Amino acid sequence: MKIRRFVANNMQEALAKVKSVMGNDAIILQTRRFREGGLLGLFGHYMVEVTAAVDEEVRPPKPQANLSVPPVNTASAASKTGVEMDVKKEINELKALLGEMLDGLENRTATAVTYPKNFQRIYKILIENEVEEKLARKIISDALESITPSLWQDYDEVSRTVAKLIVEHIRTRPIVFKKGDEKKRIALVGPTGVGKTTTIAKLAAIFAILEKKRVALATVDTYRIAAVDQLKTYADIISVPLEVAYTPGELGDALKKHQDKDLILIDTAGRSPLNELQMTELKSFLEPCSEVEIFLVLGATTKYADLMETVMRFSQLPIKQLVFTKLDETQHYGSILNIVSKTRKAVAYITTGQNVPDDIEVPDPDKIAKLLLQVSKR
Ligand SMILES: Nc1nc2c(ncn2[C@@H]2O[C@H](COP(=O)(O)OP(=O)(O)OP(=O)(O)O)[C@@H](O)[C@H]2O)c(=O)[nH]1
Ligand SMILES: [Mg+2]
């Protein structure tokens, strides 16, 4: 880790210097305002000092053409004294800085960085809510940059700004019929047991009953009798047809048979993202159907690393949107933010329980941001 201090006339200038020398990954460790010039500390003007750090392997500082130091003329007593004083001053400043940083270290809990108070508090909440460390730092650094230092003491202002930055990461795109004659074919894919079939039942009920669309269901999950039965039960209750496709050809036939329908929802068998054979088979069903949009269903309770692995494996398919299930089973919504910011995919729906059709919502980015800024009840 490389640590450097930057002095400038104002915060914007100082942060611009940090960015240009240390890059976007730099972390602000410390900021301070001090009076320079004047007499006995009076009548000077304020300067801003920012101490920033960056992982050396991330981006080494660019060589600065104008930073070459003129050779010191050791023969000149006057200039030697000047240099000595400068060095002493520098050492004293570094000592003071080190002291402050060590204080910060003692106050630290699980976090590795110290930001100004309110930012540090919010950073900690984000980490507790399982926002990935790098993303949390980026959000906090962006917030530091966009709030004028005079408002840094205002917790609500900092929290509002961070919420706005979080919201920018979350795009939502539910199923919407823009034109009257628009047709949608949607397949839900995802790991075993995340809630694909239940979500299909919820969507079928909403569109068939509430939105009065013509809906059909199809399933390619034919490995277990129970899987077909589960969907058949929902299809009967909602009064929509269900097609069971044992081969890719049969899925094509089912889509053709129901070409008059506004919406066809296709259920698939839970696939272990680690099983290549299962993935290849799933691909063989969906690849020939170019009109089918694929939604990847992810459990909000799944560990971030496993979610990333799942997203990576399922990227063999053209994933259009994401669905997050089981939000009712977690208080830590960080993984949603982590995944959407990494994949840049929109979220179509979130589900919040087992009740069909009630427990499904179009995500509200403001609500997610608010939840992410709440102190965990754990
Ligand atoms: N708490 C909670 N449970 C849910 C939610 N969605 C689905 N479930 C439950 O999760 C379990 C599995 O749901 P399914 O819909 O069968 O999951 P699936 O992805 O189709 O499973 P496979 O077909 O076996 O891969 C069931 O007990 C559902 O009731 C949700 O939002 N919250
Ligand atoms: Mg299922």
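The values are calculated or read from the model by the stated rules, or taken from the named source; none is laboratory data. Predicted model, so just to flag it, every value in this text is computed and none were measured. Surface accessibility is based on the protein's heavy atoms, side chains included, excluding ligands, DNA and RNA. Shrake-Rupley method; radii C 1.70, N 1.55, O 1.52, S 1.80 Å.
At a glance:
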read-out	value
Whole-Hz couplings from phi, Karplus 6.51/-1.76/1.60, listed for segment 163-175; x for Gly and Pro	4, 4, 5, 5, 4, 4, 7, 9, 9, 10, 8, x, 6
Cross-link pairs beyond the 32 Å C-alpha cut-off, checked among LYS134/LYS183; LYS184/LYS232; LYS257/LYS303; LYS134/LYS178; LYS179/LYS303	LYS134/LYS183; LYS257/LYS303; LYS134/LYS178; LYS179/LYS303
Carbon plus sulfur fraction of accessible area for segment 184-362, probe 1.4 Å, in percent	51
For VAL297, distant residues with modelled amide H under 5 Å away	VAL189, GLY190, VAL323
16 Å Cα-Cα reach of LYS117 towards aspartates and glutamates, excluding residues that sit fewer than 8 places from it in its own chain	GLU100, ASP103, GLU106, ASP142, GLU145, ASP154, ASP156, GLU157
Amide H within-cut-off set for VAL347, under 5 Å, with H built and near neighbours excluded	ARG171, THR172, ARG173, LEU322
